[in-house]
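Remarks on the structure that follows.
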Amino acid sequence: MFRVRLGINGPLVSEICFGSLAISPLQGRVSADEGRDILRYAFAKGMDWVDTAEIYDNYVQLRPVLIEYPEAKVVSKSYAVTAKELEQSLEKARRELNRDVIDIFLLHEQESHLTLKGHAGAWEALQKAKTSGQVGYIGISTHAIQGVRAGALQPGLDVIHPLINYQGLGIIDGSLEEMLESIKFASELGTGMYAMKVFGGGHLAREPEKALEFIRGIRGINAMALGMSSQQEVDFNLALLSGTEISEELRHAVIFREKKLYIADWCQGCGECVTVCPQKALSIKSGHAFVQNEQCVLCGYCGRACVHFCLKIV
């Protein structure tokens with residue numbers, strides 16, 4: 001597995017980070033045990049870091065595998081706003097993942113300098129956690145052009161996890177070209193960056209070679225997090241990046257594995273899912289949630305907001 005460094009002073013990691021959202025309860029595509037087996041398989045194949053978040057609700061799921069692979073690195077993320085909330089989030093991650101140190105800890109979905117200003121208490125606490133050794137590297141995740149730019153200028157930031165793909169699907173505040181400019185700006189400041197939503201939430205999965213080569217060609221993007229919910233997807237992605245020949249059977253099994261947001265008939269149209277959707281892909285029509293599939297990136301965040309368990313990725 002090809003190894004890369006995140007930015008000038010960041011950690012050395014495999015080019016692919018295992019994106020654990022795809023095996024988490026938030027998406028519900030596999031059982032907890034099945035997800036653990038897929039992660040084990042990925043680690044055995046050479047991936048050496050895993051991306052999670054407090055909202056994914058899968059720390060307990062990941063813990064047994066991380067105990068088996070103590071050298072594997074962990075990224076987690078939190079929506080914490082205040083110092084106290086950040087401290088609680090970090091302690092939860094350390095306790096439930098059985099890790100004294102979280103290798104990379106990010107403020108989740110920061111959109112601009114105003115968002116970061118509003119999370120100043122959490123950022124200060126995160127800097128203190130890094131100084132005390134509870135966290136290795138700190139940063140943000142973002143779906144926004146201004147989030148990348150603001151993050152690059154944030155004092156003490158090491159890592160940005162930006163949404164980027166060859167069609168710009170999911171960018172919330174501008175064009176693909178503008179996002180690439182912001183990524184270039186951040187890279188010139190030495191920021192470590194690993195990409196998210198490389199396949200646009202599945203919308204670009206029919207052209208995987210194009211999707212991955214686009215990311216590899218971006219100056220400043222060091223690595224990528226790929227969500228995988230089967231051993232076949234692990235094999236497929238590793239073969240793509242290594243240039244290994246892929247059998248037609250494997251290609252068909254992975255590329256034509258459709259994913260969609262399922263909205264149950266018992267939806268009561270409360271609108272909570274609409275409020276939390278970062279892509280503005282959901283609306284209420286005739287008292288029922290409705291999704292615009294071309295805007296949905298299959299993140300599954302809406303499902304966590306639904307108290308009636310009406311939404312899930314299938």
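Some points to look at:
- Residue that is surrounded by the fewest Cβ atoms within 10 Å (Cβ to Cβ) [pool: residues in region 267-280 that are at negative phi and without any contact (Cβ under 8 Å) to a residue 40 or more places away in the chain]: T275
- C302 being surrounded by 15 or more Cβ atoms within 10 Å (Cβ to Cβ), modelled with pLDDT under 90, in a helix (DSSP H, G or I) and not assigned by TED's automatic domain parsing to the domain that holds L163: yes
- Whenever a residue of region 74-92 is assigned by TED's automatic domain parsing to the domain that holds Y56, its partners that are outside any helix (DSSP H, G or I) and at pLDDT below 95, lying with C-beta atoms within less than 9 angstrom and at least six residues away or across chains, give the pairs K77/E109; Y79/E109.
- Residue that is surrounded by the fewest Cβ atoms within 10 Å (Cβ to Cβ), among those in region 50-81 that are of a type in the set (S, T, N, Q) and farther than 17 Å from R40 by Cα: S78
This table checks each residue for (1) in the same structural domain as I145 (by TED's automatic domain parsing); (2) out of contact with any Asp or Glu (no Cβ under 6 Å at 6 or more places or on another chain); (3) surrounded by 18 or more Cβ atoms within 10 Å (Cβ to Cβ); (4) part of a strand (DSSP E or B).
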position	(1), (2), (3), (4)
I171	yes, yes, yes, no
L180	yes, yes, yes, no
I183	yes, yes, yes, no
A186	yes, yes, yes, no
E213	yes, yes, no, no
R219	yes, yes, no, no
M224	yes, yes, yes, yes
E233	yes, yes, yes, no
F236	yes, yes, yes, no
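- Subset of region 244-266 that is modelled with pLDDT of 90 or more and assigned to a loop (DSSP other than H, G, I, E, B) - its residue that is surrounded by the most Cβ atoms within 10 Å (Cβ to Cβ): I246
- Members of region 1-31 that are farther than 19 Å from K259 by Cβ, of a type in the set (A, V, I, L, M) and either surrounded by fewer than 15 Cβ atoms within 10 Å (Cβ to Cβ) or modelled with pLDDT under 95 (or both): M1, I8, L12
- Residues of region 119-136 satisfying the condition of being in a loop (DSSP other than H, G, I, E, B) and exposed (fewer than 15 other Cβ atoms within 10 Å of the Cβ): G133
- Odd one out for L26 among (1) out of contact with any Gly (no Cβ under 6 Å at 6 or more places or on another chain); (2) over 23 Å from F236 (Cα atoms): (1)
The values are calculated or read from the model by the stated rules, or taken from the named source; none is laboratory data. Being a predicted model, the structure only gives us computed values, none of them experimental. Methodologically, a virtual Cβ is constructed for each residue, glycine included, from the backbone with ideal geometry; neighbour enumeration extends over all protein chains shown.
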